[in-house]
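Presented below is the structure to which this report refers.
Values in this text are rule-based calculations from the coordinates and carry no lab data. Every value quoted in this text rests on a predicted model; they were computed, and no experiment measured them. So basically every Cβ, Gly included, is an ideal-geometry build from the backbone, and we count neighbours across all protein chains shown.
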Amino acid sequence: MSGVSVSKGPEGATRSADDLVVLSEVNKHFGALHVLQDVDLTITRGEVVVVIGPSGSGKSTLCRTINRLESIDSGTITIDGKPLPAEGKELARLRSDVGMVFQSFNLFAHKTVLENVMLGQIKVRKTEKKAAEAKARALLDRVGVGTQADKYPAQLSGGQQQRVAIARALAMDPKVMLFDEPTSALDPEMINEVLEVMQQLARDGMTMVVVTHEMGFARSAANRVVFMADGRIVEQASPEEFFSNPRSDRAKDFLSKILHH
Ligand SMILES: Nc1ncnc2c1ncn2[C@@H]1O[C@H](COP(=O)(O)OP(=O)(O)OP(=O)(O)O)[C@@H](O)[C@H]1O
Ligand SMILES: [Mg+2]
């Protein structure tokens, strides 16, 4: 890309202004279990990275370290050039730069859909109530649930709730959105309505990290597929390259299982 300044990072590695999320030699243990092993991953602005791999390979942990829901034992993680702070207000602000959507929708059950999408804007971003409401309504429209604004989460279908969760994350104007198996808990007929919202986000240029088993989404929306096994990034390639020509035995084995069942 032209006009991109390239500078040397603190470790002397080449760093580009287009790099948004940079993990460098990240290690994480749960007790004796080494769940992230020397993970190096750079996500550039506007890139859509799909993370796949067997159960227990560390995909969720990877996502959770990026917004510091999990601490790391060694290595560095920077968001837009800034290292992740350990705690406090700075962490809250940085965390809100990273939108996260989980398998379980995690909406506040005792708040309406509209309130769910307003809350973070008011508390963290200090947005005026009126402006927060206008933005929440616009985002709910954008994900196709504008008419549900005054209902409570339990009154919505799973697919609708997940779209509210996406709107809530977007309300914080995140620099990057992380999705951890956002459609895994949904009935089949609701999966597409959520994937379509994600496809649109990708087309609009949002930087996204998506853990998913939806290989159709990976093929059509991802710029890059990252394959993890045993806490390591085993290989990464464009979806065309990865699906037609996986190089490692682990990836071949994984693909044969998920594509032929
Ligand atoms: N809080 C925790 N305490 C202890 N071990 C954990 C914790 N969270 C995850 N693990 C372990 O770390 C490893 C990686 O888990 P992680 O949830 O990141 O895998 P995953 O790739 O997301 O798997 P799945 O596809 O099943 O969601 C697993 O062995 C898991 O049991
Ligand atoms: Mg997981």
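Within the chain, the longest run free of exposed loop sites, counting GluC sites (Glu not before Pro) that sit outside DSSP helix and strand states (H, G, I, E, B) and have at most 11 other Cβ atoms within 10 Å, spans 129-261.
Taking the three principal axes of the alpha carbon atoms in the range 19-259, the coordinate ranges are 53, 41, 32 Å, sorted in descending order.
Using the Cβ atoms and a cut-off under 12 Å, what net charge is assigned to the surroundings of I166, where Lys and Arg are +1 and Asp and Glu are -1? Net local charge, I166 excluded: +1. Between D187 and R247, the contour length at 0.36 nm per residue exceeds the Cα-Cα span by 18.3 nm. Using a ≥ b ≥ c from the Cα gyration tensor of the range 65-175 (square roots of the eigenvalues), is it rounded, prolate or oblate, where a/c under 1.5 gives rounded and otherwise the larger of a/b and b/c decides, a/b for prolate? It comes out prolate by the Cα gyration axes. Can you tell me how the range 11-61 classifies by the Cα gyration tensor, rounded, prolate or oblate, using a/c under 1.5 as the rounded cut? It is oblate, given that a/c is not under 1.5 and a/b is not larger than b/c.
Taking the DSSP bridge list for the range 19-259 and keeping only pairs wholly inside it, about 55 percent are antiparallel. Evaluated with a Cβ-only charge set (Lys, Arg +1; Asp, Glu -1), the chain carries a dipole of roughly 780 debye about its Cα centre, given to the nearest 20.
Taking the Cα-to-Cβ direction at N27 and at H110 and moving 7 Å from each Cα, how far apart do the two end points lie in nm? Result for the modelled spin labels: 4.4 nm.
Here the 3J(HN,Hα) profile of the range 186-194, calculated from phi with Karplus coefficients 6.51, -1.76 and 1.60 at θ = phi - 60°, is 9, 5, x, 6, 9, 4, 5, 5, 6 Hz, Gly and Pro shown as x. Note on the chain: GNM, Cα springs under 10 Å; of V164, V225, V234, the largest mean-square fluctuation is that of V234. Filter K89/K151; K59/K126; K130/K151 down to the pairs with a C-alpha to C-alpha distance above 24 Å, please. Cα-Cα > 24 Å for K89/K151; K59/K126; rest within. On full extension, the segment bounded by K89 and D173 gains 28.5 nm, given 0.36 nm per residue less the C-alpha separation.
What does the C-alpha gyration tensor say about the overall shape of the range 22-94? Classify as rounded when a/c is under 1.5, otherwise prolate if a/b is larger than b/c, or oblate. Oblate is the answer for the range 22-94, as a/c is 1.5 or above yet b/c matches or exceeds a/b.
Note on D18 and E128: the extension gain reaches 36.4 nm, defined as 0.36 nm multiplied by sequence separation minus the Cα-Cα distance.
The chymotrypsin sites (Phe, Trp or Tyr not before Pro) of the range 103-202 that meet both conditions, a loop assignment by DSSP and at most 14 other Cβ atoms within 10 Å of the site Cβ, are F108.
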